[in-house]
Amino acid sequence: MRQILVAGNWKMNGSTASIASLLDGIKAGMDKVQGNVSVAVCPPFVYLQQVASALEGSKIAWGGQNVSSEASGAFTGEIALDMLKDFACHYVIIGHSERRSLYGESDEIVADKYAVVRAGGLKPILCVGELLEEREAGQTEAVVAKQLDAVLARNGVEALADGVIAYEPVWAIGTGKTASPEQAQEVHAFIRAKIAKQSQEVADKVQILYGGSMKPGNAADLLAKPDIDGGLIGGAALKAEDFLGICTAA
Ligand code: 13P
(Lines give C-alpha, C1' and ligand atoms only; values in the text may rest on other atoms or scores of the structure.)
Protein backbone atom coordinates (compact mmCIF):
# COMPACT_ATOMS: atom_id res chain seq x y z
CA MET A 1 0.00 0.00 0.00
CA ARG A 2 1.54 3.30 -1.09
CA GLN A 3 1.50 6.28 1.25
CA ILE A 4 -0.58 9.26 0.07
CA LEU A 5 1.27 12.58 -0.27
CA VAL A 6 -0.48 15.94 -0.41
CA ALA A 7 2.01 18.68 -1.24
CA GLY A 8 1.30 22.39 -1.54
CA ASN A 9 3.14 24.30 -4.24
CA TRP A 10 2.73 27.90 -3.14
CA LYS A 11 4.40 29.22 -6.30
CA MET A 12 5.25 32.96 -6.03
CA ASN A 13 2.65 33.74 -3.38
CA GLY A 14 2.65 34.78 0.26
CA SER A 15 4.19 37.20 2.72
CA THR A 16 5.68 36.74 6.19
CA ALA A 17 2.30 37.53 7.71
CA SER A 18 0.13 35.42 5.39
CA ILE A 19 2.47 32.44 5.67
CA ALA A 20 2.44 32.62 9.47
CA SER A 21 -1.33 32.41 9.53
CA LEU A 22 -1.50 29.76 6.79
CA LEU A 23 0.91 27.52 8.71
CA ASP A 24 -0.98 28.08 11.98
CA GLY A 25 -4.17 27.04 10.22
CA ILE A 26 -2.67 23.91 8.67
CA LYS A 27 -1.00 22.82 11.91
CA ALA A 28 -4.25 23.29 13.83
CA GLY A 29 -6.07 20.87 11.51
CA MET A 30 -3.42 18.17 11.25
CA ASP A 31 -5.02 15.96 13.91
CA LYS A 32 -7.82 15.21 11.42
CA VAL A 33 -5.38 13.99 8.75
CA GLN A 34 -5.07 10.20 8.71
CA GLY A 35 -1.81 8.37 9.30
CA ASN A 36 -1.40 7.14 5.72
CA VAL A 37 -1.31 10.73 4.42
CA SER A 38 1.92 12.74 4.45
CA VAL A 39 1.71 16.47 4.04
CA ALA A 40 4.28 18.91 2.67
CA VAL A 41 4.48 22.57 1.67
CA CYS A 42 6.82 24.21 -0.83
CA PRO A 43 7.14 27.94 -0.15
CA PRO A 44 9.16 30.51 -2.10
CA PHE A 45 12.84 30.13 -1.13
CA VAL A 46 13.00 33.30 0.97
CA TYR A 47 10.39 31.92 3.39
CA LEU A 48 12.09 28.56 3.96
CA GLN A 49 13.64 29.68 7.24
CA GLN A 50 10.26 30.83 8.51
CA VAL A 51 8.56 27.62 7.38
CA ALA A 52 11.30 25.43 8.85
CA SER A 53 11.04 27.17 12.23
CA ALA A 54 7.25 26.97 12.27
CA LEU A 55 7.07 23.31 11.20
CA GLU A 56 10.00 21.82 13.07
CA GLY A 57 8.72 18.94 15.18
CA SER A 58 5.37 18.84 13.32
CA LYS A 59 4.25 16.09 10.93
CA ILE A 60 4.43 18.50 7.99
CA ALA A 61 7.47 18.38 5.70
CA TRP A 62 8.68 21.20 3.44
CA GLY A 63 10.60 21.59 0.23
CA GLY A 64 11.85 23.88 -2.51
CA GLN A 65 10.04 24.70 -5.75
CA ASN A 66 13.18 24.41 -7.88
CA VAL A 67 16.94 23.93 -7.56
CA SER A 68 19.99 24.72 -9.66
CA SER A 69 21.67 21.86 -11.49
CA GLU A 70 24.97 23.44 -10.38
CA ALA A 71 26.52 22.96 -6.96
CA SER A 72 27.79 26.53 -6.36
CA GLY A 73 29.43 29.47 -8.09
CA ALA A 74 28.64 32.32 -10.43
CA PHE A 75 24.97 31.59 -11.14
CA THR A 76 23.18 34.79 -10.17
CA GLY A 77 19.71 34.22 -8.80
CA GLU A 78 20.02 30.45 -8.51
CA ILE A 79 19.67 28.25 -5.40
CA ALA A 80 21.86 25.19 -4.81
CA LEU A 81 20.79 21.87 -3.37
CA ASP A 82 23.11 22.29 -0.36
CA MET A 83 21.29 25.53 0.45
CA LEU A 84 17.98 23.68 0.51
CA LYS A 85 19.59 21.08 2.77
CA ASP A 86 20.66 23.88 5.11
CA PHE A 87 16.97 24.58 5.65
CA ALA A 88 16.13 20.90 6.17
CA CYS A 89 14.06 20.58 3.01
CA HIS A 90 12.73 17.10 2.37
CA TYR A 91 11.38 17.60 -1.17
CA VAL A 92 12.27 19.58 -4.28
CA ILE A 93 9.81 20.17 -7.11
CA ILE A 94 11.56 19.57 -10.43
CA GLY A 95 10.40 20.45 -13.95
CA HIS A 96 7.15 22.18 -13.09
CA SER A 97 5.40 23.19 -16.33
CA GLU A 98 5.88 26.85 -15.41
CA ARG A 99 9.64 26.26 -15.22
CA ARG A 100 9.56 24.37 -18.50
CA SER A 101 7.42 26.88 -20.43
CA LEU A 102 8.41 30.24 -18.88
CA TYR A 103 12.07 29.58 -18.07
CA GLY A 104 13.01 27.23 -20.87
CA GLU A 105 13.87 24.16 -18.80
CA SER A 106 14.45 21.28 -21.17
CA ASP A 107 13.90 17.59 -20.40
CA GLU A 108 17.69 17.30 -20.10
CA ILE A 109 17.98 20.10 -17.52
CA VAL A 110 15.14 18.53 -15.55
CA ALA A 111 16.90 15.15 -15.67
CA ASP A 112 20.11 16.78 -14.37
CA LYS A 113 18.20 18.45 -11.55
CA TYR A 114 16.62 15.11 -10.66
CA ALA A 115 20.12 13.66 -10.31
CA VAL A 116 21.29 16.57 -8.16
CA VAL A 117 18.34 16.27 -5.78
CA ARG A 118 18.82 12.53 -5.35
CA ALA A 119 22.58 12.80 -4.92
CA GLY A 120 21.89 15.24 -2.09
CA GLY A 121 19.53 12.79 -0.40
CA LEU A 122 16.33 14.79 -0.95
CA LYS A 123 13.18 13.61 -2.71
CA PRO A 124 12.46 15.03 -6.15
CA ILE A 125 8.85 15.69 -7.12
CA LEU A 126 9.14 15.35 -10.89
CA CYS A 127 6.38 17.14 -12.80
CA VAL A 128 5.22 15.90 -16.19
CA GLY A 129 2.18 16.75 -18.28
CA GLU A 130 0.86 17.76 -21.67
CA LEU A 131 -0.47 21.01 -23.15
CA LEU A 132 -4.10 21.23 -24.27
CA GLU A 133 -3.16 21.11 -27.95
CA GLU A 134 -1.06 18.03 -27.31
CA ARG A 135 -3.99 16.30 -25.58
CA GLU A 136 -6.31 17.27 -28.41
CA ALA A 137 -3.83 15.90 -30.93
CA GLY A 138 -3.77 12.57 -29.07
CA GLN A 139 -0.16 13.10 -27.95
CA THR A 140 -0.59 12.94 -24.17
CA GLU A 141 1.18 9.62 -23.70
CA ALA A 142 3.98 10.49 -26.13
CA VAL A 143 4.65 13.80 -24.35
CA VAL A 144 4.66 12.27 -20.88
CA ALA A 145 6.80 9.35 -22.10
CA LYS A 146 9.41 11.73 -23.54
CA GLN A 147 9.57 13.72 -20.29
CA LEU A 148 9.98 10.51 -18.28
CA ASP A 149 12.46 8.96 -20.69
CA ALA A 150 14.91 11.84 -20.19
CA VAL A 151 14.91 11.23 -16.43
CA LEU A 152 15.12 7.45 -16.85
CA ALA A 153 18.00 7.70 -19.32
CA ARG A 154 20.00 10.03 -17.07
CA ASN A 155 19.17 8.43 -13.70
CA GLY A 156 18.11 4.82 -14.29
CA VAL A 157 14.80 3.32 -13.21
CA GLU A 158 15.92 2.64 -9.62
CA ALA A 159 16.16 6.41 -9.11
CA LEU A 160 12.39 6.61 -9.34
CA ALA A 161 11.73 4.17 -6.50
CA ASP A 162 12.13 6.75 -3.75
CA GLY A 163 11.04 9.71 -5.84
CA VAL A 164 7.68 11.23 -6.57
CA ILE A 165 6.11 11.93 -9.96
CA ALA A 166 3.40 14.55 -10.36
CA TYR A 167 1.18 14.31 -13.42
CA GLU A 168 0.05 17.85 -14.08
CA PRO A 169 -1.86 18.36 -17.33
CA VAL A 170 -0.90 21.93 -18.22
CA TRP A 171 -4.46 22.77 -19.30
CA ALA A 172 -5.70 21.99 -15.79
CA ILE A 173 -3.19 24.16 -13.90
CA GLY A 174 -4.75 27.27 -12.42
CA THR A 175 -7.62 27.10 -14.87
CA GLY A 176 -10.32 25.60 -12.68
CA LYS A 177 -10.53 22.78 -15.26
CA THR A 178 -9.64 19.54 -13.52
CA ALA A 179 -8.83 16.35 -15.37
CA SER A 180 -11.66 13.91 -14.67
CA PRO A 181 -10.67 11.08 -12.32
CA GLU A 182 -10.81 8.76 -15.35
CA GLN A 183 -8.58 10.99 -17.49
CA ALA A 184 -6.05 11.31 -14.68
CA GLN A 185 -6.13 7.60 -13.81
CA GLU A 186 -5.51 6.72 -17.47
CA VAL A 187 -2.28 8.73 -17.56
CA HIS A 188 -1.19 7.60 -14.09
CA ALA A 189 -1.67 3.98 -15.14
CA PHE A 190 0.29 4.67 -18.31
CA ILE A 191 3.19 6.13 -16.29
CA ARG A 192 3.20 3.18 -13.89
CA ALA A 193 3.04 0.65 -16.73
CA LYS A 194 5.87 2.40 -18.51
CA ILE A 195 8.05 2.17 -15.40
CA ALA A 196 6.96 -1.44 -14.85
CA LYS A 197 8.49 -2.37 -18.21
CA GLN A 198 11.86 -1.62 -16.59
CA SER A 199 11.07 -2.60 -13.00
CA GLN A 200 7.81 -3.85 -11.53
CA GLU A 201 9.17 -3.23 -8.04
CA VAL A 202 9.87 0.43 -8.75
CA ALA A 203 6.49 0.83 -10.47
CA ASP A 204 4.74 -0.54 -7.39
CA LYS A 205 6.65 1.83 -5.11
CA VAL A 206 6.74 5.16 -6.93
CA GLN A 207 4.22 7.73 -5.74
CA ILE A 208 2.32 9.40 -8.59
CA LEU A 209 0.50 12.58 -7.61
CA TYR A 210 -2.11 14.46 -9.62
CA GLY A 211 -1.91 18.24 -9.97
CA GLY A 212 -4.22 20.71 -11.69
CA SER A 213 -7.12 22.52 -10.01
CA MET A 214 -7.41 19.90 -7.27
CA LYS A 215 -9.79 21.11 -4.56
CA PRO A 216 -11.61 19.71 -1.53
CA GLY A 217 -14.66 19.09 -3.76
CA ASN A 218 -12.91 16.91 -6.35
CA ALA A 219 -10.07 15.42 -4.29
CA ALA A 220 -11.88 12.37 -2.95
CA ASP A 221 -12.88 11.11 -6.42
CA LEU A 222 -9.38 11.64 -7.81
CA LEU A 223 -7.67 10.05 -4.81
CA ALA A 224 -10.00 7.04 -4.97
CA LYS A 225 -8.36 5.97 -8.23
CA PRO A 226 -5.87 3.13 -7.82
CA ASP A 227 -2.87 4.88 -9.39
CA ILE A 228 -3.40 8.35 -7.89
CA ASP A 229 -1.25 8.53 -4.76
CA GLY A 230 -1.83 12.12 -3.75
CA GLY A 231 -1.89 15.66 -5.05
CA LEU A 232 0.36 18.58 -5.90
CA ILE A 233 -1.80 21.54 -5.03
CA GLY A 234 -1.44 25.13 -6.25
CA GLY A 235 -4.23 27.61 -5.56
CA ALA A 236 -6.05 25.51 -2.98
CA ALA A 237 -2.84 25.15 -0.96
CA LEU A 238 -2.94 28.85 -0.11
CA LYS A 239 -5.98 28.49 2.17
CA ALA A 240 -5.61 26.28 5.23
CA GLU A 241 -9.22 25.14 5.07
CA ASP A 242 -8.99 24.08 1.42
CA PHE A 243 -5.60 22.43 1.81
CA LEU A 244 -6.78 20.49 4.85
CA GLY A 245 -9.97 19.61 2.99
CA ILE A 246 -7.82 17.84 0.39
CA CYS A 247 -5.59 16.21 3.04
CA THR A 248 -8.64 14.79 4.83
CA ALA A 249 -10.37 13.69 1.58
CA ALA A 250 -7.54 11.23 1.02
P1 13P B 1 -3.47 24.64 -9.31
O2 13P B 1 -3.85 23.71 -8.19
O3 13P B 1 -3.56 26.09 -8.92
O4 13P B 1 -4.19 24.33 -10.58
O5 13P B 1 -1.91 24.41 -9.59
C6 13P B 1 -1.45 23.11 -9.74
C7 13P B 1 0.03 23.14 -9.79
O8 13P B 1 0.61 23.67 -10.71
C9 13P B 1 0.77 22.55 -8.66
O10 13P B 1 2.10 22.44 -8.93
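Numerical summary
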| item | result |
| --- | --- |
| Gyration tensor (alpha-carbon) shape descriptor, the range 181-250, a/c threshold 1.5 | prolate |
| Residue-span extension gain [GLN50 to MET1] - 0.36 nm each, minus C-alpha spacing | 14.3 nm |
| Share of carbon and sulfur in the accessible heavy-atom surface of the range 140-250 [1.4 Å probe, %] | 51 |
| Entries of LYS146/LYS225; LYS27/LYS197; LYS11/LYS146 with Cα pairs more than 32 Å apart | LYS27/LYS197 |
| 5 angstrom amide H check on GLY8, placed H, neighbours 5+ away | ALA40, VAL41, CYS42, ILE233 |
| Size of charge dipole - the range 108-164 - debye, nearest 20, with Cβ of Lys, Arg +1 and Asp, Glu -1, no other charges | 320 |
| For MET214, distant residues with modelled amide H under 5 Å away | GLY234 |
| Hits among aspartates and glutamates - C-alpha to C-alpha of LYS85 under 16 Å, sequence gap 8 or more where chains match | GLU56, GLU70 |
| Rounded to whole Hz, the Karplus (6.51, -1.76, 1.60) HN-Hα couplings of the range 215-224, x for glycine and proline | 9, x, x, 10, 5, 4, 5, 5, 6, 6 |
| Residues of the range 47-157: accessible area per residue with a 1.4 Å probe, Å² | 47 |
| Label-point separation in nm, LYS177 to SER58, each point 7 Å along Cα→Cβ | 3.4 |
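The values are calculated or read from the model by the stated rules, or taken from the named source; none is laboratory data. Because the structure is predicted, anything quoted here is derived from the model rather than measured. Note that we place each Cβ from the backbone using ideal geometry, even for glycine, and neighbour counts take in every protein chain shown. Quick note on the areas: whole protein, heavy atoms, side chains included, nothing else; ligands and nucleic acids left out. Shrake-Rupley method; radii C 1.70, N 1.55, O 1.52, S 1.80 Å.
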